[in-house]
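Contents: one structure, followed by commentary.
The values are calculated or read from the model by the stated rules, or taken from the named source; none is laboratory data. None of these values were measured; they are calculated from a predicted model. Quick reminder, even Gly has a Cβ in these numbers, built from the backbone with ideal geometry, and neighbours come from all protein chains shown.
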Amino acid sequence: MVAYQVYNRTTGDRFSCEEGQSVLKAMESKGYKCVPVGCRGGGCGFCMIKVISGSYECGKMSKRHCPPEALENGEVLACRIYPTKDLVIECHSEAGNAAD
Amino acid sequence: MRKGVMRPGHVQVRVLDIDEAVQHYTELLGMIETDRDDQGRVYLKAWTEVDKFSLVLREADEPGCDFMGFKVLDEAALNQLEKDLVAHGLEVEQLPEGELKDCGRRIRFTVASGHAFELYADKTYTGKWGVSDVNPEAWPRGLKGMKAVRFDHCLFYGPNLAAVYDVFVNVLGFHLAEQVIDPEGTRIAQFLTASMKEHDIAFIHSDKPGQFHHASFFLETWEDVLRAADLISMTDTSIDIGPTRHGLTHGKTIYFFDPSGNRNEVFCGGDYTYPDHKPITWKAEDLGKAIFYHDRVLNERFLTVLT
Ligand code: FES
Ligand SMILES: [Fe+2]
């Protein structure tokens, strides 16, 4: 099974993510809480992160939370990205406010 | 005082992927697909419902709720309610017969919380699914998943609850079954009904308008709610909270999410109300118990995760 390392440089947490698994799902299944968990479906914006380096594929995400500009900046929803290389991510403390 | 609004009739929900959504609402909730239209919308119903559909799914690039519709007694009631809404100062939009397939003309208006509602008098009567109108069997074979009984209510988050109360109670003839009051005496949640059910629609205060908290579907028993929880695990569906009990309405419930992040509820039980019942009041200080009767604490997600 291919797995990629995800490093959250905001919190210092590191966890592995299997191929085809979303970053949020990998985080939850390893028992970490470093990204807020909402709907897990790309709809609520709760799990917003910024990818600093690495590459990934995206599932469908709400345009309200992930407009094209955000996508270009690597600002994506952790429940809807699937790493294809090791990732370094940041999660902003105001991430939860994305839903307000 | 009743003004001819009978019941929740339909809700149109936006989804990111129509195929995944149809799979969720049919295979997991056990609703029945009844039609599709040339806009690509999919129409579904729960098995005990007598009209052709109660849930309309529309693919869009952000999830949420387009509108919720209530069925009224007849065309005369619809005409009167339309006049009353206009007299109340609301803008009323006309949707012609057939705009939703097999549904009569609808009127649509947006209340001060930023949510759109509709009234209509006619929809094609298809009868309960899988059982006859004469000597009906107890239930139909071939139901899937949670075997949802009916679309029951929605909960919306938004501002200006007092103005919304005014429309629902004074114009549409709902009554207030339950409320949450903060220490200053402001109503921060209102559970409104046009029937004997403890809520046909509910609102919770939030500064941001137009937010969708959940669409809820009725199940018969607590055993059914536990079975729903089993199915949520079996299908690795995103769970929110439960099985548990609400303080508000005392319904027994579980919350989960559809594949686009819209929250669903299935529940059983719940109190009853008549128009002479005084509203039940919950104190905002005890909101944890009001919402989750067992945990007695709110989870952050319930208050902030919305579409
Ligand atoms: S948890 Fe809702 S968008 Fe990711
Ligand atoms: Fe509910």
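Among the residues of the range B:224-234, is there at least one that is within 14 Å of chain A (Cβ to nearest Cβ) and basic (Lys, Arg)? No, the conditions are met nowhere in the range B:224-234.
In summary, B:Thr237 fulfils each of the numbered conditions (1) of a type outside the set (A, V, I, L, M); (2) away from ligand 2 (no atom under 16 Å from the Cβ); (3) away from every other protein chain (no Cβ under 14 Å); (4) closer than 25 Å to B:Leu143 by Cβ with the single exception of condition (3). Being touching a residue at least 24 places away in the same chain (Cβ under 8 Å) and either within 14 Å of chain A (Cβ to nearest Cβ) or among the polar types (S, T, N, Q) (or both) is a property that B:Phe302 has.
Which of the residues belonging to the range B:123-172 are in contact with a Gly (Cβ under 6 Å, 6 or more places away or on another chain) and loosely packed, with under 14 Cβ neighbours inside 10 Å?
Filtering the range B:123-172 for residues in contact with a Gly (Cβ under 6 Å, 6 or more places away or on another chain) gives B:133, B:140, B:143-148, B:158.
Within the range B:123-172, B:Asp133 is the sole residue that qualifies.
Does B:Phe151 meet the test of being touching a Phe, Trp or Tyr at 6+ places or on another chain (Cβ under 9 Å), more than 13 Å from ligand 2 (Cβ to nearest atom) and either closer than 20 Å to B:Lys71 by Cβ or at pLDDT below 95 (or both)? Spelling it out, it is not the case that B:Phe151 is touching a Phe, Trp or Tyr at 6+ places or on another chain (Cβ under 9 Å), more than 13 Å from ligand 2 (Cβ to nearest atom) and either closer than 20 Å to B:Lys71 by Cβ or at pLDDT below 95 (or both).
Listed here are the residues, each with its yes/no results for (1) under 18 Å from B:Thr249 (Cα atoms); (2) within 14 Å of chain A (Cβ to nearest Cβ); (3) in a loop (DSSP other than H, G, I, E, B); (4) more than 16 Å from ligand 1 (Cβ to nearest atom).
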| site | (1), (2), (3), (4) |
| --- | --- |
| B:Ala162 | no, no, no, yes |
| B:Val167 | no, no, no, yes |
| B:Leu176 | yes, no, no, yes |
| B:Val180 | yes, no, no, yes |
| B:Pro183 | no, no, yes, yes |
| B:Ile188 | yes, no, no, yes |
| B:Phe191 | yes, no, no, yes |
| B:His199 | yes, no, yes, yes |
| B:Phe203 | yes, no, no, yes |
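Of the strands (runs of 3 or more DSSP E) lying entirely inside chain A, the ones with 2 or more residues being away from ligand 1 (no atom under 15 Å from the Cβ) and not hydroxyl-bearing (Ser, Thr, Tyr) are found at A:3-8, A:13-18, A:87-90.
Take the range B:3-43 and flag every residue that is closer than 30 Å to B:Pro275 by Cβ and in contact with a Phe, Trp or Tyr (Cβ under 9 Å, 6 or more places away or on another chain). Quick ask: steps written out before the conclusion?
Of all residues in the range B:3-43, those closer than 30 Å to B:Pro275 by Cβ come to B:3-12.
Selection gives B:Lys3, B:Val5, B:Met6, B:Arg7, B:Pro8, B:Gly9, B:His10, B:Val11, B:Gln12.
Quick test for you: out of B:Gly270, B:Gly261, pick the one residue that is within 14 Å of another protein chain (Cβ to nearest Cβ) and surrounded by 15 or more Cβ atoms within 10 Å (Cβ to Cβ). Reasoning before the result, please.
Values: B:Gly270 fails: within 14 Å of another protein chain (Cβ to nearest Cβ).
The match here is B:Gly261.
The single condition among (1) more than 27 Å from B:Val15 (Cβ to Cβ); (2) in contact with an Asp or Glu (Cβ under 6 Å, 6 or more places away or on another chain) that B:Gly288 does not meet is (2). Looking across B:Phe292, B:Phe212, one residue alone is more than 17 Å from the chain's Cα centre (by Cα), of a type in the set (Phe, Trp, Tyr) and within 14 Å of ligand 2 (Cβ to nearest atom). It is B:Phe292. Restricting attention to the range A:43-87, the residues that are within 14 Å of chain B (Cβ to nearest Cβ), within 22 Å of A:Ser16 (Cβ to Cβ) and buried (at least 23 other Cβ atoms within 10 Å of the Cβ) total 6.
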